[in-house]
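The values are calculated or read from the model by the stated rules, or taken from the named source; none is laboratory data. From a predicted model like this one, the values you see are computed outputs, not experimental measurements. When we count neighbours, we look across all protein chains shown, and the Cβ atoms used for this are built from the backbone with ideal geometry, even at glycine. Ligands, DNA and RNA are excluded from the accessible area calculation, which covers all protein heavy atoms including side chains. Shrake-Rupley method; radii C 1.70, N 1.55, O 1.52, S 1.80 Å.
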Amino acid sequence: MAPPTCLLRAGWLAVALCALALVLAPASDATSSSLVGINYGRVGSNLPPPQAVLPLLEGLGIGRVRLYDADPAVLHAFARTGVELFVGVPDESLAGLADLGGAESWLRDNVMPFLPDTKIAALTVGNEVLTGNNSALMRALLPAMQSLHGALTKLGLDKQIAVTTAHNLGVLGTSYPPSAGAFRKDLLPYICPILDYHARTGSPFLVNAYPYFAYSGDSKGIHLEYALLEASYAGVPDPNSGLHYPNLLVAQVDAVYHAIAAANTAASRVVEVRISETGWPSSGDPSETAATPQNAARYNSNAMRLVAEGKGTPLKPSVALRAYVFALFNENMKPGLASERNYGLFKPDGTPVYELSYKLPRDNSTFSGGNSGWRFPGGGGGNVTGGYDNNGVNSGYYDISAASPDSAGWWRWSQAAVAAAMAVLVVAA
């Protein structure tokens, strides 16, 4: 039998561990009201580790995240957080997924080890495949989607995990006015069977919609306020349908709905359009004059507000708009114009690129019970502190919104509880 002092220490040790577990235990339940998500791209040489993004997401009030691959470290980081993930199936994997065996193998390696702790809501097969120049990839897209769905069905997971793909808005041959929306004729042989697939499986049609690109291409014909989703702008009428469009984003979505109806009437009755990417760059090349922090803050604040209201588009007012903001971080290794490296809400060190004027309501987030307890590890990514000092103390940077309420009470309590528990652990040792 252990001496009484050892028993006392053991008792306090158990209490301390329980307290620590209660404080750090993340949420596990997701809510259906999480309409706003964010894209977590990792094409950068200076990004923080995946664990460090969790306080940023919670500070934003965002509980849905789209990933571009199935990196094990990232999937592990989101375990037991309640965050719903759209997990990307990279383009280079599509050729091996054309048959059921290949799809089963991919799921066995990239999905099954993380269930049920990591909440995977969908697989997005490839990204903007149909507007690329790889005809073999275009032919492989639908078979890969079908095989993955079939493999999930065999596992009894087809109702839990959807299979879809994200399209560039360039799949449209006509987008204005929205009622004239139509897919490119050369893509119809690919898109029509994909629409049949969506109608059969109930999976959403995803589109990457960027009013920024439309404005940049026609700044004289499109008002900046219309592109920035400003509620004060008078809007634009559709001369054919008579519908009034208050901003360019909902006009783009309705153009896609009209294109679906023109290509596949049956599918148009049941297929939902969701925005897999939308955003505005905060900086760019000298020629990219609209890429400013002010415009980016206005656009993303307005986009979050628009989606959080739970309203639909003029054509589909009863179907709540869903969207993923692009992106969480500036990514310094993305090719192309300078704007491509400046879409992030945050710099790689966790400090905001600009301040949002809108704070998402708490019910948008799948996190529950206050702060999840995750912190930026000091030195976890070289000199990265992620908005926290090297002692792990919150510097306030993870909350990007000027409109955010003071929710520090729970956090201060949790910090005190963690400190007390750790002190007991040290004494007990």
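Among the numbered conditions (1) basic (K, R); (2) surrounded by fewer than 16 Cβ atoms within 10 Å (Cβ to Cβ); (3) within 19 Å of P72 (Cβ to Cβ), the only one that K119 does not meet is (2). Annotation note: Cβ proximity below 7 Å between a residue of region 116-134 that is assigned to a helix (DSSP H, G or I) and a residue that is acidic (D, E) (sequence gap 6+ or interchain) occurs for V129/D91. Return a yes/no flag: does region 216-228 have any residue that is surrounded by 20 or more Cβ atoms within 10 Å (Cβ to Cβ), aromatic (F, W, Y) and farther than 27 Å from Q294 by Cβ. No: zero hits. The lone criterion from (1) modelled with pLDDT of 95 or more; (2) in contact with a helix residue (DSSP H, G or I) (Cβ under 9 Å, 6 or more places away or on another chain) left unmet by L115 is number (2). When E288 is tested against (1) acidic (D, E); (2) surrounded by 20 or more Cβ atoms within 10 Å (Cβ to Cβ); (3) in contact with a helix residue (DSSP H, G or I) (Cβ under 6 Å, 6 or more places away or on another chain), only condition (2) is not met. Residue selection: A199 satisfies the criterion of being among the hydrophobic types (A, V, I, L, M, F, W, C) and part of a helix (DSSP H, G or I). Assessment of region 93-107 against the conditions (assigned to a loop (DSSP other than H, G, I, E, B) and either open to solvent by 40 Å² or more (accessible area, probe 1.4 Å) or modelled with pLDDT under 95 (or both)) yields at least one matching residue. Considering each residue of region 188-205 in turn, at least one proves to be open to solvent by 20 Å² or more (accessible area, probe 1.4 Å), out of contact with any helix residue (DSSP H, G or I) (no Cβ under 8 Å at 6 or more places or on another chain) and in contact (Cβ under 8 Å) with a residue 24 or more places away in the chain. The set of residues from region 259-294 being under 22 Å from Y324 (Cβ atoms) and part of a helix (DSSP H, G or I) comprises A259, I260, P293.
For region 254-271, what are the residues that are crowded, with 22+ Cβ neighbours inside 10 Å and small (G, A, S)? Of everything in region 254-271, those that are crowded, with 22+ Cβ neighbours inside 10 Å and small (G, A, S) turn out to be A255, A259.
Against the definition (under 26 Å from S339 (Cβ atoms) and out of contact with any Asp or Glu (no Cβ under 9 Å at 6 or more places or on another chain)), how does D186 come out, yes or no? No.
Comparison of K334, K359, K347 shows that the only residue that is open to solvent by 50 Å² or more (accessible area, probe 1.4 Å) and either of a type outside the set (V, I, T) or at pLDDT below 65 (or both) is K347. Taken over region 229-246, the criterion of being in a loop (DSSP other than H, G, I, E, B) and open to solvent by 70 Å² or more (accessible area, probe 1.4 Å) is satisfied by A231, S232, A234, P239, N240.
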